[in-house]
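Below is one structure, written out as structure tokens; comments come after it.
The values are calculated or read from the model by the stated rules, or taken from the named source; none is laboratory data. All values reported here derive from a predicted model rather than from experimental measurement. Because the Cβ atoms are built from the backbone with ideal geometry, glycine has one as well, and the counts that use them run over all protein chains shown. To get the accessible areas, we keep the full protein, side chains included, count just its heavy atoms, and leave off ligands, DNA and RNA. Shrake-Rupley method; radii C 1.70, N 1.55, O 1.52, S 1.80 Å.
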Amino acid sequence: MKILFVADPLSAFNTYKDSTFAMMREAARRGHEVWACEVPDLLWVSGGRVIAREALRLLLTPEAVASQAGTKLATWHSVEERRELALADVDAVLMRKDPPFDSEFFYATHLLEQAEREGARVFNKPSALRDHPEKLAILEFPQYISPTLVTRSDAAIRAFHAEHQDIILKPLDGMGGMGIFRVKADGLNLGSIIETLNKHGAQTVMVQRFVPEIAQGDKRILLIGGQPVPFSLARIPQGSEVRGNLAAGGKGVAQPLTDADRRIAEALAPVLAARGLLLVGLDVIGDKMTEINVTSPTCFQEIMEQTGFDVGATFIDALERGVAARKAA
């Protein structure tokens with residue numbers, strides 16, 4: 001297959017932990033062509049097709065192809081070819097641009113959807129990316145979440161705090177734990193935090209009852225091709241930090257899915273897969289789901305390094321099946 005990854009700059013990849021790199025490595029091992037471009041490379045002009053203005057055909061180094069999880073590579077690829085490439089001319093387009101889901105990401109999904117109309121096979125499906133904003137997608141599944149409020153209202157937030165006493169506030173467009181605040185029963189700095197997040201009523205905020213099981217980790221559960229990976233990565237807060245995100249200094253510990261994890265994963269996996277979401281990352285604290293990540297879910301390499309379960313191979317298996325199914329359709 002010829003696979004085009006729409007991703008962040010290749011020079012920014014941390015190969016020892018990057019999940020997109022794990023996908024590329026497994027694809028290269030199987031003999032697939034690995035191409036890459038960035039979102040600004042996407043272009044459409046009337047009368048033509050959506051193209052990547054400068055797509056790069058990557059030749060992974062022998063060290064990269066042979067590397068195991070946890071290996072950091074200074075040089076991991078060379079550019080074998082550099083040219084304009086129509087997205088409909090490849091077997092699979094993988095949208096792997098990291099959050100935030102901002103206006104430019106939104107516009108990119110429309111270009112990718114146009115490419116679909118021209119015959120491209122895009123994973124995750126662009127319309128599904130738009131329909132599942134990572135914070136708000138949980139609202140569809142209230143049976144699996146803790147008490148949650150979505151609002152611009154200062155008064156509504158204060159009433160929610162008065163009811164639940166210990167709460168988490170976060171922006172809807174954050175990633176990596178950015179902008180997350182905890183307010184305990186004393187309400188210390190609640191007013192200032194509300195002003196910071198809702199910008200005096202101009203911006204919507206998510207508020208959730210604090211889940212104390214965060215001390216055991218914020219678990220990332222991967223769904224691939226409608227099936228849960230049997231291990232999660234629990235991202236455990238360190239020191240006085242309330243956030244477990246790896247980007248915020250959390251420690252990643254792989255562990256088998258609990259019964260509660262599996263119940264949530266098995267309920268959501270087929271529903272989300274049927275909507276064109278080949279890869280999903282659920283965030284679960286205790287037995288409560290907090291986010292549904294669809295833009296660029298990670299943790300492939302941490303799980304493989306600690307358990308031996310090859311998440312990259314599982315993903316490429318699912319991608320091959322997905323491409324075959326769409327070609328047949």
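Just a few scattered comments:
- Anchor Lys184: aspartates and glutamates whose Cα lies under 20 Å away (excluding residues fewer than 8 positions away in-chain): Asp154, Glu163, Asp166, Glu195, Glu213, Asp218, Glu241
- Computing Rg and the Kirkwood Rh from the Cα coordinates of region 225-299 gives a ratio, Rg/Rh, of 0.98.
- Relative contact order for the chain, counting Cα pairs under 8 Å that sit 6 or more residues apart, in percent: 18 percent
- Counting only protein heavy atoms and a probe of 1.4 Å, the accessible surface of region 1-159 is 49% carbon and sulfur.
- Per-peptide average of other Cβ atoms within 10 Å, ordering 307-314, 34-41 highest first: 34-41, 307-314
- Additional length obtainable on full extension of the chain from Thr71 to Asp287, 0.36 nm per residue less Cα span: 74.5 nm
- Residues of region 204-238 falling in the label zone of Val271, defined by backbone nitrogen less than 18 Å from a point 7 Å along Cα to beta-carbon, are 221-229.
- Förster-model FRET efficiency, 41 Å R0, Asp166 and Asp98, C-beta, rounded to 0.05: 0.85
- Relative contact order (%) - region 192-271, alpha-carbon pairs under 8 angstrom, separation at least six: 24 percent
- Theoretical FRET efficiency, 1/(1+(r/R0)^6), r = Cβ-Cβ of Asn189 and Leu139, R0 22 Å, to 0.05: 0.25
- With 25 Å as the limit on Cα-Cα distance, the pairs of Lys135/Lys199; Lys199/Lys251; Lys2/Lys251; Lys170/Lys251; Lys97/Lys135 that go past it are Lys199/Lys251; Lys2/Lys251.
- For region 184-318: Kirkwood Rh in Å [reciprocal of mean 1/r, alpha carbons]: 16.1 Å
- Listed by chain and number, the aspartates and glutamates placed with their C-alpha closer than 12 angstrom to that of Lys125 are Glu113, Glu116; residues fewer than eight positions away on the same chain are left out.
- In the chain, the calculated helix contribution to ellipticity at 222 nm averages -9000 deg cm²/dmol per residue, counting -39,500 (n - 2.57) for every DSSP H run with n ≥ 4.
- Residue order by solvent-accessible surface for Trp76, Trp44 is Trp44, Trp76, largest first, with ligands and nucleic acids left out and a 1.4 Å probe.
- Rotationally averaged projected area of the chain (alpha carbon convex hull; nm²): 17.1 nm²
- Restricting region 60-115 to trypsin sites (Lys or Arg not before Pro) that sit in a DSSP loop and have at most 13 other Cβ atoms within 10 Å of their own Cβ leaves Lys72.
- DSSP bridge pairs, region 83-210: antiparallel proportion in percent, nearest 5: 85 percent
- Percent breakdown of C-alpha pair distances by 5 Å bin, ordered from the shortest bin, for region 121-201: 3, 13, 21, 22, 19, 10, 5, 4, 2, 1, 0
- Restricting attention to the chain, close to 80% of DSSP beta bridges with both partner residues there are antiparallel.
- Dimensions (Å) - region 23-148, Cα atoms, principal axes, largest first: 50, 46, 22
- Per residue solvent-accessible surface (Å²) - the chain, probe of 1.4 Å: 43 Å²
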